[in-house]
Amino acid sequence: MAGNPNVKRMRPNLHLKAPISSEVEVPEVVQPVNTHTHFTDPSSLPDCAGTLTIPPDQETYTFTSDDLQDEGEIGRGNFGSVNKMFHAKSGTYMAVKRIRSTVDEKEQHQLLMDLNVVKESSNCEFIIRFYGALFKEGDCWICMELMDASLEKLCKYVYDTILQRIPEHILGKIAVATVKALNYLKKELNIIHRDVKPSNILVDVKGHIKLCDFGISGQLVDSIAKTKDAGCRPYMAPERIDPGMSKGGYDIRSDVWSLGITLHEIATGKFPYPKWNSVFDQLTQVVKGDPPLLKSTDELPFTVDFIEFVNACLTKSKKERPKYDQLLNHHFINQYETEEIDVESYFSETLSKMAEMGFLPYFQT
Ligand SMILES: Nc1ncnc2c1ncn2[C@@H]1O[C@H](COP(=O)(O)OP(=O)(O)OP(=O)(O)O)[C@@H](O)[C@H]1O
Ligand SMILES: [Mg+2]
């Protein structure tokens with residue numbers, strides 16, 4: 001769907017060193033640096049058991065990879081794969097993301113302790129629950145709440161396969177959920193997401209809409225940023241591509257831009273920029289060009305409120321771009337915060353049809 005080069009790569013080695021919540025400036029294009037004076041082969045490290053905490057009772061279990069039954073791959077990203085797994089002792093299905101890391105034994109223990117902080121404090125209905133993590137042969141296994149599909153997959157089906165559109169009232173509920181999730185992460189956990197895009201917004205047949213891949217990741221994302229070049233990050237704000245445009249550390253307003261691009265894409269079924277053939281193309285268009293504002297057309301009409309909301313997120317100058325408080329006061333958000341919409345029927349019908357057509361091989365109702 002996205003007309004951009006979203007190159008899937010092999011898992012790079014990650015150095016998980018940064019603090020969990022970071023407003024530290026991280027350059028987007030940095031050569032990976034080997035910070036280890038003594039190289040340790042991570043796969044030779046002893047495996048590190050983790051603790052699973054399963055809601056709603058917050059029951060805890062010590063677990064190793066042997067306690068998880070693999071039920072197949074859900075998808076693959078740039079840094080690893082996500083599988084559906086079953087934890088028999090608690091009777092819980094979960095999504096497990098496996099990422100290659102190069103941390104030593106001491107750092108593994110520190111990382112697991114840091115992740116426990118996220119586990120205990122993430123309690124927002126619009127954020128994916130994090131259950132726990134472990135290390136196996138040097139890979140970090142991140143266990144989280146299992147959802148049915150991402151908006152990326154849903155859009156491919158709705159726009160490209162059945163040639164329909166996502167109705168604006170559903171987009172309204174998605175916007176409310178995402179802004180509230182981002183605001184919660186910042187206010188309660190002091191986490192900036194840094195990777196807002198359709199594949200990181202997940203939905204299920206119950207009508208839940210949840211943001212994932214936030215700073216579980218605090219450490220992981222920083223390391224990822226170091227190995228990932230701008231060409232692979234099409235949702236990135238102009239000031240992130242060209243840090244000369246704005247001073248200071250990473251600001252939540254860069255996530256607001258990514259939210260604007262994401263909403264534009266899921267409202268139209270198309271990535272809002274024309275195809276980029278090189279990082280230079282992206283640089284030219286995003287940094288030098290006008291922002292890709294949303295417009296109403298005969299085929300795809302939108303309300304003035306929705307257009308205004310999306311285009312406010314796509315304000316090119318970071319200084320003038322709204323922050324979450326302003327977005328939460330926007331008429332479009334206020335309307336969908338209160339309006340009763342049958343999101344459950346929409347998602348359960350759409351996801352069931354997607355499953356019937358083989359789009360969701362791991363799907364189970
Ligand atoms: N908790 C989850 N429940 C269901 N599906 C998930 C879950 N977490 C991730 N996925 C899906 O698994 C696939 C791979 O996710 P992953 O985060 O590795 O990559 P991505 O978001 O597509 O891209 P990137 O690597 O650039 O972040 C995506 O389709 C994603 O939507
Ligand atoms: Mg993701």
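What number, in nm² with one decimal, is the all-direction average of the projected area of the convex hull of the alpha-carbon atoms of region 50-147?
On the way: hull surface 24.9 nm².
With every direction weighted equally, the projected area is 6.2 nm².
Which ordering of 124, 313, 155 is given by a fewest-first count of other beta-carbon atoms within 10 Å? Each step should come with its number before you reach the end.
On the way: 124 19, 313 26, 155 23.
Least crowded to most crowded, the residues run 124, 155, 313.
Would you kindly derive the ³J(HN,Hα) couplings of region 89-96 from the backbone phi angles with the Karplus curve 6.51 cos²θ - 1.76 cosθ + 1.60 (θ = phi - 60°), listing them in order in whole Hz, with x for Gly and Pro?
4, 9, x, 10, 7, 8, 9, 10
In whole angstrom, note down how far apart the Cα centers of region 239-278 and region 126-183 are.
18 Å
Check the straight Cα-Cα distances from residue 288 and name the lysines below 17 Å, setting aside those fewer than 8 residues away within the same chain.
Within the straight-line limit of under 17 Å, residue 288 reaches these lysines: 275, 316, 318, 319.
As a footprinting exposure proxy, order 264, 331 by other Cβ within 10 Å, with the fewest listed first. Working shown, then result.
Values: 264 22, 331 12.
Neighbour counts put them in this order, fewest first: 331, 264.
Which whole-Hz ³J(HN,Hα) couplings does region 170-183 yield from phi under the Karplus relation 6.51 cos²θ - 1.76 cosθ + 1.60, θ = phi - 60°, glycine and proline marked x?
Each residue's phi maps through the Karplus curve to give 6, 4, x, 5, 5, 5, 4, 4, 6, 5, 5, 5, 5, 5 Hz.
What percent do you get for the relative contact order of region 145-204 when only Cα pairs under 8 Å and 6+ apart count?
Values: 36 pairs, mean separation 37.3, N = 60.
Computed value for region 145-204: 62 percent relative contact order.
Give the lysines reachable from residue 119 as a straight Cα distance under 24 Å; neighbours fewer than 8 places away on the same chain don't count.
Qualifying lysines at Cα under 24 Å: 17, 84, 89, 97, 106, 136, 180, 186, 187, 197, 206, 210.
Ranked from highest to lowest mean number of other Cβ atoms within 10 Å per residue, what is the order of the peptides 269-281, 182-194? Write out the running numbers ahead of the final one.
Working: 269-281: 15.5, 182-194: 20.2.
Going by the mean number of other Cβ atoms within 10 Å, highest first, we get 182-194, 269-281.
With 10 angstrom as the radius, rank 195, 104 by how many other C-beta atoms surround their C-beta, starting from the fewest. The partial results should precede the final answer.
Working: 195 23, 104 14.
Neighbour counts put them in this order, fewest first: 104, 195.
Computed from the coordinates by the stated procedures, all read-outs in this text should not be read as laboratory data. What you see is a predicted model, and the numbers here were worked out from it, not measured in a lab. A quick note on method: Cβ atoms are made from the backbone with ideal geometry, for glycine too, and the neighbour counts reach across all protein chains shown.
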